[in-house]
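In what follows, a single structure is set out as structure tokens and then discussed.
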Amino acid sequence: MIIPSDEIVDKSYIKDYEKLYHDIQEHPEAFWENIAKELSWFKPWNKVLEWKYPYARWFVGGQCNIVNNALDRHQKTAVKDKLAYIWVGQPFDSAQGKEMPVRKFTYGELNTEVCKFANVLKSLGVRKGDRVTIYLPRIPEQYISMLACAKIGAIHSVVFSGFSADALKNRIMDAQSKIVITTDKYPYKDKVLDSKKTVDEAIKDISSVKDVILIKRLKSEAADSNGFQPASPKLQRGEPISTGLNYHWYHDLMSQADTICSTEIMEATDPLFLLYTSGSTGKPKGILHGHGGYMVGVYLTLKYVFNLDSQNQPVNQATSQPGNNSIDDIYFCTADGGWITGHSYIVYSPLINGATTFVYEATPDYPHPGIWWELIQKYKVTKFYTAPTAIRALMRLGDEIPNKYDLSSLKILGSVGEPINPEAWLWYYKTIGKEKCPIMDTWWQTETGMFMITPVPSANLKPGSAFKPFFGVEADLVDDKGNSVPVNTQGFLVIKKPWPSMLLDVYNNPKKYLETYFENESINNQQLTKNNQFLYFSGDSAKKDDDGYYWIIGRNDDVIKVSGHRLGSAELESAFVSHPSVAEAAVIGKPDEVKGEKIKAFVILKKGIQGSDELKTELVKQVRKMIGPIATPDEIDFVDKLPKTRSGKIMRRVLKAQELGQPLGDTSTLEN
């Protein structure tokens with residue numbers, strides 16, 4: 001158990017988790033209503049929550065726009081002159097010693113850019129409810145585009161820039177987008193990737209797309225390098241200019257755009273964005289989130305969990321530090337805007353909270369494996385939020401690299417994306433946080449929109465546990481009949497009450513929404529549905545210990561059943577990684593005539609370690625010791641790489657298909 005220091009508790013918004021959680025539990029709607037009152041609304045709601053199975057609608061009758069809270073309301077305060085973003089781009093050719101480009105936006109400057117691009121979209125005929133696909137790398141225009149869409153009531157659909165043409169095509173077709181926003185080319189490590197070529201291939205048979213807007217990421221590229229003549233006539237605000245498929249340079253359109261744009265008044269339940277799930281198990285689902293409830297949920301969760309210290313003071317742009325001796329935060333989230341973490345906790349929540357967000361364009365090992373730590377030192381980052389995959393990869397390189405840098409500015413660390421094994425948690429805590437920074441291990445999903453199970457800084461922590469539900473969230477673990485399971489027993493992780501930032505629907509597929517999240521075949525909850533009770537099925541499994549702490553095991557479809565025993569892949573992989581020679585591991589189940597399934601592990605060893613039969617024997621003993629004889633692996637392969645999505649998640653499905661000689665299925669999300 002890790003006990004927070006008195007200083008951390010004193011500076012926390014929440015001093016006593018248990019008291020507040022139980023005070024709220026009986027009346028969560030009143031709690032969320034009070035939080036909503038902290039934000040700006042065009043018109044107040046007449047009903048906090050409307051529950052009509054299987055849909056929950058929050059702040060019904062209320063009118064708002066998330067951009068009104070993220071940007072508009074700051075323009076009359078000191079926040080206007082404060083930095084919203086510090087963006088550091090990767091060097092295009094680090095071998096030649098080129099410096100990293102740096103761009104900074106105050107809240108006032110960001111608002112101007114968003115207004116201009118909102119007018120550009122309106123001039124291209126985009127109206128409230130239209131869909132716009134954003135296919136951009138991690139550059140400021142990604143965020144500007146999202147905010148501009150939201151400002152005029154359009155629905156943005158951000159597609160991760162690493163996706164293939166087929167994956168992009170599927171998402172554009174499902175959304176029936178009118179506009180695609182992309183770059184001509186952009187740097188990725190030592191390569192140059194051609195986004196326009198991918199977009200050209202994706203949209204060639206899609207009639208809904210009328211315009212493509214190209215952002216010039218590499219200034220050295222000639223204007224005609226893509227072989228087209230951009231159509232960029234003088235824009236009149238609100239006047240459509242596109243009659244067929246046209247390509248436009250972003251900078252040409254922006255140079256002609258008006259700097260003033262009104263913010264569309266939206267119903268709280270109106271859609272804000274579409275975000276497609278990765279498609280690792282089938283056709284991507286378009287998760288639909290709205291303005292009002294999502295806004296309230298993401299606003300509060302980042303504030304409480306990362307203890308955002310936003311003093312609303314301007315920041316000295318020369319030093320990137322707060323003025324007036326304010327102890328303000330520099331918040332660094334390593335996610336890409338193409339994922340829900342980027343939407344909720346790089347774009348919307350930090351801006352609503354008036355925080356300064358640091359963004360680095362490149363990977364954690366480029367141009368060198370200490371780049372994150374170098375940037376934390378240089379920009380005095382206080383809050384750092386990343387994924388277990390990255391932590392394990394950097395841990396594999398040892399302590400020497402991070403120990404070269406001064407990381408004393410860090411106050412809170414965070415983890416997101418998948419369960420973090422205790423060994424990686426402890427390395428993160430000791431080597432990066434110097435045993436002074438609590439780790440906020442957050443469990444949530446694209447569908448939930450916000451943190452659902454998470455610590456707060458004042459909580460006692462257990463390495464590898466995601467702690468307990470956030471305030472106003474009621475979680476449970478149930479068996480296949482929908483009954484709560486005993487302590488220390490694996491069960492399906494469900495949510496038993498609506499929460500503000502939950503998905504509105506699966507776009508154009510209400511049947512999928514119902515069958516995936518409320519009438520899932522894994523749980524027999526017919527009695528609940530008859531009684532109109534709420535039970536959201538997350539698709540994850542977990543255990544709860546004697547202290548009520550949740551231990552996320554992993555996706556239900558990653559569960560291996562050995563002789564009737566359900567074993568989570570994350571739990572097995574954690575046992576492997578606890579061995580000092582192992583950097584990373586992936587586990588699958590293979591058919592077995594006797595046991596049903598047997599366990600096969602794919603293991604990446606730490607630098608300098610050689611695989612051997614003796615080491616395999618040690619690993620078998622380690623797993624048996626940590627989990628039990630039932631978890632004994634039958635096969636172990638030492639490998640150099642694992643198949644991962646570009647967001648860093650291991651695709652065990654691909655490993656299993658390869659192992660069994662089956663079709664690989666959709667591999668468009670694979671990084672390697």
Antiparallel %, DSSP beta bridges [both residues in the chain], to 5 | 60 percent
How large is the dipole of the stretch 1-119 about the Cα centre if only Lys and Arg carry +1 and Asp and Glu carry -1, each at its Cβ, rounded to the nearest 20 debye?
-> 640 debye
Dipole in debye (nearest 20) - the chain, about Cα centre, beta carbon charges: Lys, Arg +1; Asp, Glu -1 | 880 debye
Search the structure for amide H atoms under 5 Å from the amide H of Asp592, placed 1.01 Å from N in the peptide plane, and list their residues when 5 or more places away or on another chain.
-> Glu597, Lys598
From the residues Pro663, Pro591, Ala570, which one has its Cα farthest along the dipole of the stretch 563-672 in the positive direction, the dipole being from +1 and -1 charges on Cβ of Lys/Arg and Asp/Glu about the Cα centre?
-> Ala570
Partner aspartates and glutamates whose C-alpha sits under 12 Å from that of Lys404, ignoring same-chain residues fewer than 8 away, are Glu374
For Thr106, Thr516, Thr632, Thr357, order by how many other beta-carbon atoms lie within 10 Å, fewest first | Thr632, Thr516, Thr106, Thr357
Among Tyr513, Leu218, Phe117 - extreme Cα towards positive end, dipole of the chain, charges at beta-carbon | Phe117
Amide H to amide H under 5 Å from Ala387: which residues, 5+ apart in sequence or cross-chain, H placed 1.01 Å off N in plane?
-> Val416
Across the Cα atoms of the stretch 453-537, what radius of gyration and what greatest pairwise Cα-Cα distance (Dmax) are found, in Å?
-> 14.6, 43
Check: C-alpha center the stretch 374-418 vs C-alpha center the stretch 461-518, spacing in Å is 30 Å
For the stretch 543-621, what value does the Rg/Rh ratio take when both radii are computed over Cα atoms and Rh is the Kirkwood radius, given to two decimals?
-> 1.02
Whole Å is fine, so just give me how far the alpha carbon centre of the stretch 535-569 lies from that of the stretch 1-39.
-> 27 Å
How large is ³J(HN,Hα) for each residue in the stretch 130-142, as worked out from phi by the Karplus curve 6.51 cos²θ - 1.76 cosθ + 1.60 (θ = phi - 60°), to whole Hz, x for Gly and Pro?
-> 5, 9, 10, 8, 10, 10, 10, x, 7, 10, x, 5, 4
How far is helix 613-626 tilted off the main Cα axis of the chain, in degrees rounded to 10, range 0 to 90?
-> 90 degrees
If you take the alpha carbon radius of gyration of the stretch 563-672 and divide it by 2.2 N^0.38 Å, what ratio comes out, to two decimals?
-> 1.06
Determine the dipole magnitude for the stretch 563-672: charges of +1 sit on the beta-carbon of Lys and Arg, -1 on that of Asp and Glu, nothing else is charged, the reference point is the Cα centre, and the result goes in debye to the nearest 20.
-> 300 debye
Specify which residue in the list Ile2, Ile552, Thr489 is farthest towards the positive end of the charge dipole of the chain, using unit charges on the beta carbon of Lys, Arg (+1) and Asp, Glu (-1), about the Cα centre.
-> Ile552
Which of the residue pairs Lys43/Lys151; Lys128/Lys285; Lys378/Lys411; Lys116/Lys151; Lys462/Lys543; Lys204/Lys285 have a Cα-Cα distance greater than 19 Å in the structure shown?
-> Lys128/Lys285; Lys204/Lys285
Return one number: the angle in degrees, 0 to 90 and rounded to the nearest 10, between the long axis of the Cα atoms of helix 292-305 and the longest principal axis of the Cα atoms of the chain.
-> 60 degrees
Name the long-range amide H neighbours of Thr356: under 5 Å, sequence gap of 5 or more, or other chain; modelled H, no Pro or chain starts.
-> Asp329, Tyr331
Whole-Hz couplings from phi, Karplus 6.51/-1.76/1.60, listed for the stretch 444-449; x for Gly and Pro = 6, 9, 3, 5, 7, x
Rg and Dmax [Cα atoms of the stretch 35-177; Å; Rg one decimal, Dmax integer] | 18.5, 61
Taking N as the number of residues in the chain, the ratio of its alpha carbon radius of gyration to 2.2 N^0.38 Å works out to 0.93
The equivalent-ellipsoid semi-axes of the stretch 457-593, taken as the square roots of five times the Cα gyration tensor eigenvalues and listed largest first in whole Å, are 27, 20, 15
What translational diffusion coefficient, in µm²/s and rounded to a whole number, does the Stokes-Einstein relation yield for the stretch 1-43 at 10 °C and a viscosity of 1.306 mPa s, taking the hydrodynamic radius as the Kirkwood radius over Cα pairs?
-> 125 µm²/s
Quick one: what are the phi-derived ³J(HN,Hα) couplings along the stretch 585-592, Karplus 6.51/-1.76/1.60 with θ = phi - 60°, whole Hz, x for glycine and proline?
-> 8, 10, 10, 10, x, 10, x, 9
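Read-outs: derived from the displayed coordinates by stated rules, not from any lab. On a predicted model such as this, the values are computed, not experimentally measured, just so you know. For neighbour counting, all protein chains shown are included, and Cβ atoms are generated from backbone atoms with ideal geometry for every residue, glycine included.
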